[in-house]
Every structure is written in C-alpha cells, then in structure tokens.
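Asker: What follows is a single structure, and I will ask about it in a moment.
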Amino acid sequence: MNIELAGAAWVLPLTFVLQGLSAVLIVIRLLRGPRATDRVVAVDALTLLGIGVVALIALATAQPMLLDAAVVLALVSFLGTAAYMLMFRRHGRTPETAGQDGDAPTERR
Amino acid sequence: MMNEGGLLPWIASALLLLGALIGLVGAIGVLRLPDSYTRMHAASKAGALGAVLVLAGVAAASEGAVSLEALFAIAVLLATTPLAAHAVSRAAYRTGILPHTGPLGDAMADDAMRQSPASDQNDSSSRR
C-alpha cells in the first residue's frame, strides 16, 4: 500500500489527537448520561469514531487488511444499535409489567 | 494519475482533517446538547459524516489502492446510520422522553390516538 499524504508528519498525529479528544468527550457522556438512550447514543457515536480510528491505523501502519475490520465494525455497529432498540421495545410495550419489576420507563437510568 | 506533487495527497490530508474536525463537533454535540433526540442527531449526522470523510481520506491517501474497501464501508455507513438513528429515537420515545415539539405538535401521539382513540388517550408514549 503506497501512501501519499501531504504533510504526513503532522496530519496523521493531529487526526489521531482529534479523534482521541472526541472519544474522551463521548465517554464522558457515556458515563454521565442520565438515561439509557443517552448511553446507547454514546456507544453508537463511539463505534462510528472507532471506524475512523481503525481506518487511520490502517493508513499509519500501511496495512490495508485493517480496512476490512472497519467494514465489519460498520456492520456490527448497526446490529448493536438495533439490538438495544429491541431491548427498549420490550419494556416500552408493557409498561405495567415493567413497573412491577421496579423498572418503570420514567425511572430508567 | 498525478504522481509527484499532484493534487491527491493534499485532498487526502484535507479530507482526513475535515473528517476529524466534524467528528469532534459531533462529539461536542453529544456531550452538550440537552436531550436524547438532539444527542442522537449530533451522533448520527456529524459522527457518520466524520467517519465517511476519514474513510474517503484514507482511500485518497492510498492512491485508490484500498478504494474498494473504503467505498464499501462508506456505503454501509450511509445505509445503516439513518436506520440506527431512527431506531434510537423511536426507542427514546417509547421510554417516555417527551420531545420538544414545534408548532406542528407531537405527531406520534396523534398517530397513537388515531389508531386506538378509546384505550390510549392518556398514555401515548407506550404506543407506536
């Protein structure tokens, strides 16, 4: 893999730093998020960020195999978010039983 | 095509930096916006655009050697991220978070009332 990047000495480290800063901000929201949906949104954003980071590592180490990992991560990210949505749908359809568990939708964290 | 001193390395660097900056803007939105719907908006739109731009930058930096994988990843992202955002916002509505609606009102509550006006008038958040 032949890499041609203008200003590669500072563009790649700066891009890694920006992605790491984004990850720190999203992890703060993931830990703080008052509701479960906020955490799901944070996990979704983290996987989107991870796709970019995997692609950047593929560029930095000149290994095109890692881009296949980025493709798989993109597919799995959607599946994970859909699975979280199914978890919410089960509780949302039967608020009476959810309330009996002490797990009412309005008290969900 | 353009080998030495061409335009493609500059395009690659610009795409990588722009993608990282848009991802940072999306992360700031996820941290600072007020409720789940707006956070979903920031995460899905800005985050997906950042990832797509970074992938396009990687494809440009390798002079098209990995452009097939990168294009496939971009297509998967553009196809699945709106679906995931839609699913997350529906789930947020079902857990009872009321959206701040504009002058058009709460369309999902109107739908629930129209489908079953007798049973669910006062509990619109648990219906589709």
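The values are calculated or read from the model by the stated rules, or taken from the named source; none is laboratory data. The shown structure was predicted, so the numbers you read here are calculated from the model rather than taken from an experiment. Cβ coordinates were reconstructed from backbone atoms using ideal geometry, including for glycine residues, and neighbour counts include every protein chain displayed.
Asker: Keeping to the stretch A:42-70, report how many residues are within 18 Å of B:Lys45 (Cα to Cα) and over 15 Å from the mean Cα position of the chain (by Cα).
Answerer: Total satisfying the criteria: 0.
Asker: Taking the stretch A:12-49, which residues are farther than 30 Å from B:Leu98 by Cβ and surrounded by 21 or more Cβ atoms within 10 Å (Cβ to Cβ)?
Answerer: Passing the criteria: A:Thr15, A:Leu18, A:Gln19.
Asker: Within the stretch A:36-75, work out how many residues are closer than 21 Å to B:Ser62 by Cα, among the aliphatic types (A, V, I, L, M) and part of a helix (DSSP H, G or I).
Answerer: Residues flagged as closer than 21 Å to B:Ser62 by Cα, among the aliphatic types (A, V, I, L, M) and part of a helix (DSSP H, G or I) within the stretch A:36-75 amount to 18.
Asker: A further question on this structure: Mind listing whichever residues of the stretch B:15-66 are in a loop (DSSP other than H, G, I, E, B) and of a type outside the set (A, V, I, L, M, F, W, C)?
Answerer: B:Pro34, B:Asp35, B:Ser62, B:Glu63, B:Gly64
Asker: Within the group B:Ala51, B:Ala27, B:Ala92, which residue is within 8 Å of chain A (Cβ to nearest Cβ) and at pLDDT below 90?
Answerer: Every option except B:Ala92 fails the conditions.
Asker: Let me ask something additional. Under 6 Å by Cβ, and 6 or more places apart or on different chains, what pairs join a residue from the stretch B:93-116 that is more than 23 Å from A:Tyr84 (Cβ to Cβ) with one that is among the small types (Gly, Ala, Ser)?
Answerer: B:Ala109/B:Ser124
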